[in-house]
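Each remark here refers to the structure printed beneath this line.
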Amino acid sequence: MAIAQIVSAEQYLRMTFEHDAEFVEGRIVERPMPTFEHSYIQNFIGSRLEEQPDPPHSFALTEQRIRVRADKYRLADVCVVERRPPPEDRGIAIAAPHLCVEILSPDDDVPEMLARIDDYLDLGTPWIWVVDPLTCQGQVYTAAGASRVKDMIFKTDRFTVNLAVAHHALSARG
């Protein structure tokens, strides 16, 4: 069993990774490698969010680092931020995104996913989607609680993404 080395946030921010990692209370936390389905759904959601009418300074981003606390940085699969992170923030979102999307991978850990959701909610992110890329179903989390998505249509107060087309494309390509 490998022993995790404790690093500072500054050290983490200077590090490079083959597949970007999160920083949680001094530990580098590697994200599971995405599957084909994960990557496809991530791209699909990001492009659909970018296509929707929205305030002019809103951006749909993939693999965006988000500082949730001074000692914790998360990496959203997809998120919508209200403004471009300024250069002095190293391109890291420090304000709560309007939406964070987490796409499940086979190696995802349920307690870790729930901690990630709590971090986004604690930061003030009003909407979190958790998407199963195989079924295109999942959950929507808000400060008021969680609801299941069984019809493949994920919504916020400003966005709607119907994953039925993506699900059909993945199923057809088998």
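The values are calculated or read from the model by the stated rules, or taken from the named source; none is laboratory data. Predicted model only: the values in this text are computed from it and were never measured. Counting neighbours? That spans all protein chains shown, and the Cβs are built from the backbone with ideal geometry, glycine included.
The table for this structure:
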read-out: All positions within the range 128-160 that are within 16 Å of the chain's Cα centre (by Cα) and more than 20 Å from SER105 (Cα to Cα); value: THR142, LYS155, THR156, PHE159
read-out: Residues of the range 131-162 classified as in contact with a helix residue (DSSP H, G or I) (Cβ under 7 Å, 6 or more places away or on another chain) and in contact (Cβ under 8 Å) with a residue 24 or more places away in the chain, total; value: 7
read-out: Selection count, the range 90-127, where residues are more than 10 Å from the chain's Cα centre (by Cα), under 30 Å from SER171 (Cβ atoms) and among the charged types (D, E, K, R); value: 4
read-out: Residue match in the range 153-160 (condition: of a type in the set (Phe, Trp, Tyr), surrounded by 14 or more Cβ atoms within 10 Å (Cβ to Cβ) and modelled with pLDDT under 95); value: yes
read-out: Test result for VAL165, in contact with a helix residue (DSSP H, G or I) (Cβ under 9 Å, 6 or more places away or on another chain) and either surrounded by 11 or more Cβ atoms within 10 Å (Cβ to Cβ) or in a strand (DSSP E or B) (or both); value: yes
read-out: Meets criteria (touching a residue at least 60 places away in the same chain (Cβ under 8 Å), crowded, with 19+ Cβ neighbours inside 10 Å and closer than 23 Å to VAL81 by Cβ) for LEU123; value: no
read-out: Total residues in the range 136-152, condition at negative phi and loosely packed, with under 14 Cβ neighbours inside 10 Å; value: 7
